[in-house]
1. Quick one: longest stretch of the chain between exposed loop GluC sites (Glu not before Pro), exposed meaning at most 10 other C-beta atoms within 10 Å and loop per DSSP?
2. Relative to the longest principal axis of the chain, what angle (0 to 90°, nearest 10) does the C-alpha long axis of helix 195-211 take?
3. Decide, for the range 1-92, between rounded, prolate and oblate: order the square roots of the alpha carbon gyration tensor eigenvalues as a ≥ b ≥ c, take rounded if a/c falls under 1.5, and otherwise choose prolate if a/b is larger than b/c, else oblate.
4. Report, in debye and to the nearest 20, how large the dipole of the range 1-153 comes out about its Cα centre when Lys and Arg carry +1 and Asp and Glu carry -1 on their Cβ.
5. About the Cα centre of the range 32-114, what is the dipole size in debye to 20, counting +1 per Lys and Arg Cβ and -1 per Asp and Glu Cβ, all else neutral?
6. Against the longest alpha carbon principal axis of the chain, how many degrees, from 0 to 90 and to the nearest 10, is the axis of helix 2-39 turned?
7. Before anything else, pin down the relative contact order of the chain: Cα pairs under 8 Å, at least 6 apart, normalised by residue count, whole percent.
8. Taking each pair of different alpha-carbon atoms in the chain once, compute 1/r for the pair, average those values, and report the inverse of that mean as the Kirkwood hydrodynamic radius in Å to one decimal.
Amino acid sequence: MDNKIETLKDALVEVRKAHRLVESFQERMLSLVNFIATRLDFHQMEGVKHFSNPVYPYKGGDHLKVNPRNWAWDYLYPYLFEYYVGDAELEDGSTIMLSIIQYADTGYFDNDNEDRTQPSLFAPPEKAGSKLLFFMERKPKGCKELWSDYSYTAQYVLNKEYGSISHKETVLEPKGAGKNQLLLYSLPLERFADEKTSISALKDYLKFLEKNGISRTIV
């Protein structure tokens with residue numbers, strides 16, 4: 001019995017360390033996303049979590065609805081989180097909308113496992129990565145916005161190809177040429193070690209946009 005108690009005590013020390021590490025990570029992420037949005041001249045900030053279900057409050061109150069059948073992931077918002085940073089109008093009259101997707105761990109996306117509730121089946125932490133996915137819609141003048149609500153992005157954010165650490169860049173035309181474009185660009189989080197490396201990473205992103213006819217500058 002004493003061995004079991006000591007084992008549990010040791011495990012709980014690791015749990016406390018993990019929570020403090022996640023807090024530090026998320027503080028850094030909030031600062032980073034704000035920095036990126038500001039330098040790209042976007043000035044809105046809204047969010048939605050992916051990968052699991054939201055935990056809603058009871059109507060008219062602050063207490064959350066908790067169910068024993070909830071996934072543990074439901075309480076871990078930073079694992080896969082979308083920051084919508086706003087829209088902007090281009091010189092040709094088209095509109096761009098941008099989200100920055102935070103993948104704290106690409107392990108689920110880096111193998112063929114489809115069960116999100118079994119982290120032991122994810123790619124090992126040493127083989128997976130942490131990244132940002134820049135998800136942009138370009139809507140030509142006169143076209144209807146595809147991105148009518150943030151749930152639209154889920155089909156792409158949760159896609160194994162786009163969520164993997166190996167993804168680089170993708171341009172999609174869901175309704176055909178000349179219509180709306182979706183531009184997806186991944187950058188590993190280690191590219192954002194400091195301001196200098198972050199600016200370098202953003203310049204690479206802007207080259208990708210320029211290649212696809214979208215001209216933006218860092219402010």
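1. The longest such stretch corresponds to 127-219.
2. Value to nearest ten degrees: 50.
3. Verdict is oblate for the range 1-92.
4. 320 debye
5. So the dipole magnitude of the range 32-114 works out to roughly 600 debye.
6. The two axes meet at around 10 degrees.
7. Dividing the mean separation by the residue count of the chain yields 16 percent.
8. Roughly 19.2 Å, rounded to one decimal.
Each reported figure results from applying straightforward, stated rules to the coordinates on display, with no laboratory input. Remember, predicted model here, so these are calculated numbers, not experimental data. Here the Cβ is made from the backbone with ideal geometry for all residues, glycine too, and neighbour counts use every protein chain on show.
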